[in-house]
Every structure is written in C-alpha cells, then in structure tokens.
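Take a look at the structure below.
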Amino acid sequence: MEINALARESLINASGIIESSSLLENTPWNLAPLLMTSSGVLTQKGMAVEDPTAKHGLKLTIEDYPFANDGMMLWEAIKQWVTDYVNNYYKDASKVVFDNELQAWWEDVRTKGHEDKKDEPWWPVLKTQQDLIQVLTTIIWVTSGHHAAVNFGQYVFGGYFPNRPTIARINMPTEEPTESEFELFLNKPELTLLKCFPSQQQATKVMAILDVLSNHSPDEEYIGDTLESSWEADPVIKAAYERFSTKKKNSKIKGN
C-alpha cells in the first residue's frame, strides 16, 4: 500500500514522471483495471490453447517458453492453496453469498478501487466458492509472481533507453516525411533518431526510475516463506500452507 501511495503521488500522477516522460503534454494517464490470470492471458494472446490432457489444462503454442511454464506452475500452486483455504471456511455457496463483510469488500474493490470501471459487465460476481477462489488467486498472482516478473527486469532491458524509448518526440522518418526530412534521415540517421527519442532529461529520469523499481528491498518477503500465526493455529490450514510452500520451493520459483 505504501509503494502504491508513493506511485500515485509522484509516478503516475498528473504531470508526474510517467506523464512527463512517456506521454504527450496534457494527455490523461489512465490505469485501467486488469484482472489477469495465467491461463486467460496466454489463451487471449494466442500463446496457448486449452487442452484437458495437458498438465495445466493448457498446451503452449511456443515450446521453449520458460516464463509461461514457470508462471503456470506458480499459478497452479497459488490456486490450490487458495482452494484449500476457501473450501475450509466456506463449506457451501450460501456462506459466500451471505458473508456481508466479504461482499462489502468485493463491492469496494469494484466501485471504489476501480470507480471508472464499476459498471463493466466483465466483473466476476461472488456467488460460489469457485468465484471466490478465482478472484483471490488472480489478486495473489498479479501482486506476486506476475508483478515480480514484469518489475525486476526492467532496468536490464530498459536502462539502455533505445531498447525501449518511452516517447517519440517527432514522427518516425517513415511516417509521411517531407523530402528534406527523409534526405536528412538518409544522410544522418542517428541525428533523426536522437530527435525522435526522449530527450536527455527524459531518458535520464526514466533510467533512474527503472533502476529504483528493479532493485530488491532488503526486507522484502516471498510468498510461501512465512507461516502466519493464525494459519498455524488451524491444523487444516497449516497442512494446506505447508503443501503450498513445499510445492513452490520444489518448483524453484520465487514470487515476492
């Protein structure tokens, strides 16, 4: 919550770092909510097809795809842990429907956390244990394995800003150039690219931010490494958590 608050204050705020280095002036910056699942994204992007005979119910269209393989292993481990937890406390669907605190939390997520998207038809409705399992698994996955995967490698690639320039200050030379512009590009292509790339100030600012975002905190915690006291007090939950922790360690995956 602290890092999200800092991001809203200086990173993604109006006229903040993202807007000044990645968008045209006075362009609104909107972060649309994205409920991402390991299987959903892969199938939507054409990277996998549903296959009931496959280990995770999916068959990758790219054979050598370590990110997807690792992601699915972590997703399945998280989902099993959540399934064990939810089914222990919600023995039937009516307990989900009539849990006022749970329903109020989910309403707050939809209507306050994503107020601009509160009326979208794709929001899941919490009516069954499976609905709750899917929602919780998605939230845990996005804030652990998925976030770690897209966050910590940013500087390695984006620190050299020509790899991933955040803004184009002029049109690319192939986009309806004038005769003189195209002649300049042919004679000195590096000069045209430098005019198109972010300025030195913008590039330096982005490089610094990527460096900060890519660093690990000295006190960070890893999913599956800490047994909460309340979980330890319940033998069923403790056993489920230990299965999850063991499965995660055996897969050699860390999602902080």
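The values are calculated or read from the model by the stated rules, or taken from the named source; none is laboratory data. The model shown is predicted, which means the values in this text are computed figures rather than measured ones. Cβ sites come from the backbone with ideal geometry, for glycine too, and all protein chains shown count toward neighbours. Just so you know, the surface numbers come from the protein's heavy atoms only, side chains and all, with ligands and any DNA or RNA stripped out. Shrake-Rupley method; radii C 1.70, N 1.55, O 1.52, S 1.80 Å.
In segment 103-119, the residues that are free of Cβ contacts under 8 Å to residues at least 12 places away in the same chain reach residues that are open to solvent by less than 80 Å² (accessible area, probe 1.4 Å) with C-beta atoms within less than 6 angstrom, at least six apart or across chains, in these pairs: Lys118/Arg110; Lys118/Thr111. On the stretch given as segment 141-170, residues that are open to solvent by 50 Å² or more (accessible area, probe 1.4 Å) and either more than 30 Å from Glu221 (Cα to Cα) or touching a helix residue (DSSP H, G or I) at 6+ places or on another chain (Cβ under 6 Å) (or both) total 9. Trp75 - would you say it is part of a helix (DSSP H, G or I) and at pLDDT 95 or above? Criteria not met by Trp75. Open to solvent by 40 Å² or more (accessible area, probe 1.4 Å) and at positive phi, is that true of Gly113? Answer is no for this residue.
Which one is most open to solvent (accessible area, probe 1.4 Å) among residues in segment 116-132 that are in contact with a Phe, Trp or Tyr (Cβ under 9 Å, 6 or more places away or on another chain) and part of a helix (DSSP H, G or I)? Looking at residues that are in contact with a Phe, Trp or Tyr (Cβ under 9 Å, 6 or more places away or on another chain) and part of a helix (DSSP H, G or I), I get Lys117.
Val135 - would you say it is over 30 Å from Gln201 (Cβ atoms), surrounded by 12 or more Cβ atoms within 10 Å (Cβ to Cβ), touching a Ser or Thr at 6+ places or on another chain (Cβ under 8 Å) and modelled with pLDDT of 95 or more? No; evaluated as a whole, the condition is false for this residue.
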